[in-house]
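A quick write-up on the structure given underneath.
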Amino acid sequence: MSDHLKSPSRLSFYLDCMRSRGFTAEQVLAGTGLDLNRLQDPSRRILPAQFRRTIQNMLDLTGDPYLGIAVGAEFKISNLGILGYAALSSATLKQSSEVFNKYGALNDMIVHAVGHIQGGRWFFEVRDSYLLGDLMRFAVEEFISRTMELSSSLTNRPFPVLELHVTYPAPADLTPYMRRFNCPLYFSQPKNIVVFDINRLQDPISLANEEVFKLCERQCQLLVSQKEDRDLLSNRIRNYLVKNPGKFPSLEDMAERLNMGSRTLRRWLVRENVTYQQILDDTRRELAIQYLQYTSLTPKEIGFILGYSSVSNFRRAFKSWTSKKLTDFRDNDNTENVEDEVEEE
């Protein structure tokens, strides 16, 4: 396959954006353990912590709290490789949206956007996939700005935002929001929700071509299949658990999700020298540490998300995983709350 059809990684796009602002790859990737050679490795697995550090570096280097809006506006269809060509040859914006959802594995995403059509409204709930904490603002604003840019370029028509609801508080200056989004803004909300014009779904794609679309979709199917074949089964399970917080299915349920029998799943995991329980424990440990470090969730709330009936059970499991207490992974400002909850039990 020619290089221009391959889907560049999200981090490669970030490096290009920062290079145009005068910053080197070394500056952007400082402290991540990544380099350009690592990004070009097709078997690479970029960890959430590496994405978080990269985004924080970008914000620190530019000093621009509205960087997500600008970066999203710079994203082009060509940055999506073959997935972009599939969207570009779709018949309508609705079909291109379905393509993005179906072959999302080809598009590195730091958030998980769930689309709904309900009550005559088309909206997306933008969920945190990588425990971004304060960096969620960047991710939400990049996603919305990027969606506007891609949709407009596909249809050659404006793609307005009707409403924007976000979980973080309002910044001092709303000018960049009004200049880019120009819609009612609701801050400090329970969820990140963006509402689009449902009538835009039927907008025709300017370069629609049914034959080209079929070819591109087959190529997308092949690439997704190749990607799944390269991924260790244990990594696919971990990715599912991380992207679906609060859901820790049994081995039998997970096997059904993977379209295989439970005995087959056990046999494949044995080949990878890991058990399903070890994957569950490892994922719970990683999520627990990240929730403690990057969110203000209480230990009771974290324990519930991880499937524990009480904070005491969660505390004991955490101690067995790390040989440390919950307070060792939380800022001093939150230590008192952690201790109070522990004592309540």
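The values are calculated or read from the model by the stated rules, or taken from the named source; none is laboratory data. These figures come from a predicted structure and were not determined experimentally. All Cβ positions, glycine included, derive from the backbone under ideal geometry; neighbour counts span all protein chains shown.
For the reader, a short list of remarks on this structure follows.
- Candidates D35, D60, D16, D64 - the one that is within 23 Å of Y291 (Cα to Cα) and without any contact (Cβ under 8 Å) to a residue 12 or more places away in the chain: D60
- For segment 92-121, the tally of residues that are more than 19 Å from the chain's Cα centre (by Cα) and either in a helix (DSSP H, G or I) or not hydroxyl-bearing (S, T, Y) (or both) stands at 9.
- Beta carbons closer than 7 Å, at least 6 apart along the sequence or on distinct chains, pair a first residue in segment 312-331 that is touching a residue at least 24 places away in the same chain (Cβ under 8 Å) with a second that is among the basic types (K, R) for W321/R285; T322/R285; L326/R315.
- For segment 262-274, filtered to residues that are in contact with a helix residue (DSSP H, G or I) (Cβ under 6 Å, 6 or more places away or on another chain) and assigned to a loop (DSSP other than H, G, I, E, B), the residue that is modelled with the lowest pLDDT is E272.
- Unmet criterion (only one of (1) touching a residue at least 12 places away in the same chain (Cβ under 8 Å); (2) over 26 Å from L29 (Cα atoms)) for P158: (1)
- A87 being of a type in the set (G, A, S), surrounded by 15 or more Cβ atoms within 10 Å (Cβ to Cβ) and within 23 Å of R236 (Cα to Cα): no
- Residue in segment 30-46 that is surrounded by 22 or more Cβ atoms within 10 Å (Cβ to Cβ), in the same structural domain as L174 (by TED's automatic domain parsing) and β-branched (V, I, T) present: no
- From Q290, Q278, residue being assigned to a helix (DSSP H, G or I) and touching a residue at least 60 places away in the same chain (Cβ under 8 Å): Q290
Residues are listed down the side, and each one gets a yes or a no for (1) in contact with a strand residue (DSSP E or B) (Cβ under 8 Å, 6 or more places away or on another chain); (2) assigned to a helix (DSSP H, G or I); (3) over 28 Å from A208 (Cα atoms):
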| residue | (1), (2), (3) |
| --- | --- |
| E26 | no, yes, yes |
| G33 | no, no, yes |
| I46 | no, no, yes |
| Q50 | no, yes, yes |
| D60 | no, yes, yes |
| D64 | no, no, yes |
| G72 | no, yes, no |
| N79 | no, yes, no |
| S90 | no, no, no |
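- In segment 122-153, the residues that are among the small types (G, A, S), in a helix (DSSP H, G or I) and modelled with pLDDT under 90: G133
- Residue satisfying all of: in segment 59-80; among the small types (G, A, S) and either buried (at least 22 other Cβ atoms within 10 Å of the Cβ) or within 14 Å of S153 (Cβ to Cβ) (or both); modelled with the lowest pLDDT among these: S78
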